[in-house]
Amino acid sequence: MRYTFKAKNTTVTDALKEKITSKINRIERLFPENTDINVTLSVVKLDHTIEVTVKLPKRVLRAEVTKDDMYAAIDEVVDKLEKQMVKYRSRLRDKSRRDSSFADELKAISIGLDEEDDEATIKIDKTKKFDIKPMDPEEAVMEMELVSHNFFVFRNSSTDEINVVYKRKDGTYGLIDPEY
């Protein structure tokens, strides 16, 4: 595993690096060899945040935890990553049984792992269909607030592409504009 550490409003001490690498090495068996792991530590007032991004061959896993203690945040972020990876492998295993195009991706991330994960499969309970009308992002935010959702799908009137606006944890808004 290759680690990259970044810090915002704090410093990454050797003790923190050692704690993070030892915790992630505990779940190393879940990841392919030579996986890139980016770790960002930040401190804002009394909040200690750790964000870990794991770059897999075709996907990216990301977990973020904010606590009042950095060491507690490290423990929790590793637990989140472990759950995400187990769920991801389980989904890929199910998809590869139905569609062989997912088999290569499963092989790429499952080097040396033969045990089955007993994670529940994904079940979509509800499907919604709606008209997508052209609008600008500001109008989409207004529509999103009117329906009291955290995100809103719309056709951007300036680019004619499908976009998503969403409400961020800090109360601001984000725009997802896909690249092709």
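The values are calculated or read from the model by the stated rules, or taken from the named source; none is laboratory data. Note that the structure is a prediction, hence the values are computed from the model and not measured. As a convention, Cβ positions derive from the backbone with ideal geometry for all residues, glycine included, and neighbour counts pool all protein chains shown.
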- [ ] Could you list, in sequence order, all residues of the stretch 151-180 that are in a loop (DSSP other than H, G, I, E, B), surrounded by 10 or more Cβ atoms within 10 Å (Cβ to Cβ) and under 23 Å from the mean Cα position of the chain (by Cα)?
- [x] ASP177
Open item on the list: Anything in the stretch 14-46 that is free of Cβ contacts under 8 Å to residues at least 24 places away in the same chain and either closer than 26 Å to TYR88 by Cα or surrounded by 12 or more Cβ atoms within 10 Å (Cβ to Cβ) (or both)? List them, or say none.
Closed with: LYS17, THR21, SER22
Task: Complete set of residues in the stretch 19-45 that are within 19 Å of LYS83 (Cβ to Cβ) and of a type in the set (Lys, Arg) - done: LYS23, ARG26, ARG29
Task: So GLU18, is it of a type in the set (Asp, Glu) and assigned to a helix (DSSP H, G or I) - done: yes
Task: Residue check, ASP136 out of contact with any Gly (no Cβ under 8 Å at 6 or more places or on another chain) and modelled with pLDDT under 90 - done: no
Task: Subset of the stretch 55-75 [in contact (Cβ under 8 Å) with a residue 24 or more places away in the chain, more than 9 Å from the chain's Cα centre (by Cα) and either under 13 Å from ASN38 (Cβ atoms) or outside the structural domain of SER42 (by TED's automatic domain parsing) (or both)] - done: LEU56
- [ ] Return yes or no: is THR10 assigned to a loop (DSSP other than H, G, I, E, B) and polar (S, T, N, Q)?
- [x] yes
